Structure formats: structure tokens, C-alpha cells
Amino acid sequence: MTPHDLVAPPLVSLRNVSKRFANGTLALQGMSLDVGEHDFISFLGPSGCGKSTALRLVAGLTRLSSGDMRWSATPAGTVAGKIDRDLGFVFQEPTLMPWAKVFDNVWLPLKLTGVSRDAAAPVVHQALEMVGLSRFADVYPRELSGGMKMRVSIARALVTRPRLLLMDEPFAALDEMTRIKLNNDLLSIWREHRFSVIFVTHSVYESVYLSNRIVVMAARPGRVIDEIRIEEPYPRGEAFRTSTRYNAHCTAVSQALHGALHGVDIDH
Ligand SMILES: Nc1ncnc2c1ncn2[C@@H]1O[C@H](COP(=O)(O)OP(=O)(O)OP(=O)(O)O)[C@@H](O)[C@H]1O
């Protein structure tokens, strides 16, 4: 047996995946990517480079136009009406039900699979504990800050214990301090629970801080132009954020991103 045999297969593999919308827009062209167990991958690139489209393709929220996508256990989409994707999704907006208490918002994915409120209670409480909101199960979303609402959204995405967490600019609307705190908390939850993450962001700094792999994308058509590995140990904290190595990674990623912007019309 060679060391290679011991490597777990990718959780999900994209091969030469393209997406053209009905209006003719080629949102994504020829994307190939293997998402490994316990990867933290960021999709980084300018507006319109297909980051959200790629995430939505992985989630099964939109269909690919050509290419191939496979999950390690089950080829995606082979069972009519029941796609076996083991994932949670966090959007930029927390998208909570305003009329339902925090507990019921987090229970929702389990409720949709037929798990009763009582049976779900232990895992809902565990998910709330994971995001530091144990004491807020009985309040309504309107009583929470923006950062706390996002924590509820993360708890809801993790309540089914998915192997892959997809996050579409989850912290973009938050203030800097809240964002830093959520970055740190997300990293410790990810390290403890060992799922994989694909994280869409516009921020070089955020992508370097969080990820072990950064997929740099360019627009028109949306495509991958580079992948950069951030070979730095976790946990990452203030010492890493203020280190010269962190700065060097940010410079390298900025340069790759500059390449992504080269030749792209700036229309704003
Ligand atoms: N439903 C749709 N129909 C037609 N075109 C679409 C649709 N969704 C996205 N697009 C187009 O596909 C391209 C990629 O969009 P996408 O939202 O994936 O980019 P993005 O990198 O996530 O951008 P942003 O950073 O601004 O969110 C854009 O040109 C966009 O206008």
C-alpha cells in the first residue's frame, strides 16, 4: 500500500463544469475542483466571476450545463427528485423566519425531514451551543444583533451535521469587529467538527486568514485562474493575523487577484 492509497477520496469533484444561463450568459466555464475532507476553500474573485454560481451548482440549486460533478458516495443527481448532497448552506442574509423563535429556525432542516420538535431538541441545543447561543433558543430573530442572526443561520446549516458547509459571503454585511469574531468562531467550529467548507468572499484578508486553499476566479466568462495554498498551521489567531507571513500571503493573493481583474471592464 502506498501513502497515496491512504488519502480519502474527494468529498465532491467538479470536472470541466460550465454553466450558461437561459439568457446566454456564460457564468462559469470549465471549472475543475476536488473538495477534500476537512478542506477550507475560499472562492475569491471580482464581481460576476461566477463564485455564487459555482456554489449554487455544488448545492444543487442550479443545474450545470456541461461537465461532471460527483460526490464521494453517491453520484449527484442520479436519484430522481432526491439528490443526496450532504451539505448545509449559509447565505449573505441570515434568512431566518421572523415569526419563529431561534429554536424553531434551527430545527427547520430536521423538521423538513420529519424529525419532531422533541426528538430534535438535543441536536438543536448542541448546534446553538456550537455557535455560542445556548441562552437564546427562546427569543425571536428581531431581538438579535446582525452577528447573532448569522450565528443562528450557521447553527441551522450545521444542525444536520453535514460533511460540507457552503457559505456565500456570510459576513460581508457585518461590521469589522463582528466579522473578525465570527471568522475566529467559524474556524474553531470547523476544527472541532471536521466538516469541509467552501466560502465565497471578496476579501483577500478574510480568505488568507481562513483557508487552506484559495481558488482565484476571473470574470467574463467566469473561470478559475489560480489556486493558492495557504500552508499555515491552525489554530490561527491574532499572532497569525499580524504576522509578516500573513502579509506575504495577502500580497501573493492580491497579485493573483490583480491578474483576475486584468482585462475585465470596470463598470462601476
Ligand atoms: N439567474 C441568472 N440568469 C442570468 N445570468 C445570471 C444569473 N445568475 C447570475 N448570472 C450572471 O452570471 C455571472 C456570474 O454571476 P455570479 O453571481 O455567480 O457571480 P459572483 O462572482 O458571485 O458575483 P458577486 O461577487 O457580485 O456576487 C454574472 O454575469 C451574472 O450576472
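So the values come out like this:
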{"item": "Residue list for the stretch 183-223, given a label point 7 angstrom along the Cα-to-Cβ vector of ASP175 and an amide N cut-off under 17 Å", "result": "183"}
{"item": "Virtual paramagnetic centre 7 Å along Cα→Cβ of ARG15, amide N under 11 Å, in the stretch 146-181", "result": "none"}
{"item": "Peptides 157-170, 122-135, 207-220, 28-41 ordered by average Cβ neighbours within 10 Å, highest first", "result": "207-220, 157-170, 28-41, 122-135"}
{"item": "Derived scalar couplings ³J(HN,Hα) [the stretch 34-41; Karplus, 6.51 cos²θ - 1.76 cosθ + 1.60; whole Hz; x for Gly, Pro]", "result": "10, 9, x, 4, 6, 6, 10, 10"}
{"item": "Length released on extending from SER243 to ARG229, taking residue separation times 0.36 nm less the Cα-Cα span", "result": "3.3 nm"}
{"item": "Cα-based reach from LYS19 at 21 Å (exclusive), listing lysines while leaving out same-chain residues under 8 positions away", "result": "LYS51"}
{"item": "Nearest-0.05 FRET efficiency for ARG191 and VAL139, computed from C-beta distance (R0 22 Å)", "result": "0.20"}
{"item": "Per-residue Cβ neighbour rank within 10 angstrom, fewest leading, MET177, MET150", "result": "MET177, MET150"}
{"item": "Principal axis dimensions, largest first and in whole angstrom, of the chain by Cα", "result": "53, 52, 49"}
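Taken together, the values in this text are just the output of simple stated rules run on the coordinates, not laboratory data. Given the structure is predicted, the values throughout are model-derived calculations rather than measurements. Ideal geometry is used to build each Cβ from the backbone, glycine not excepted, and the neighbour counts take in all protein chains shown.
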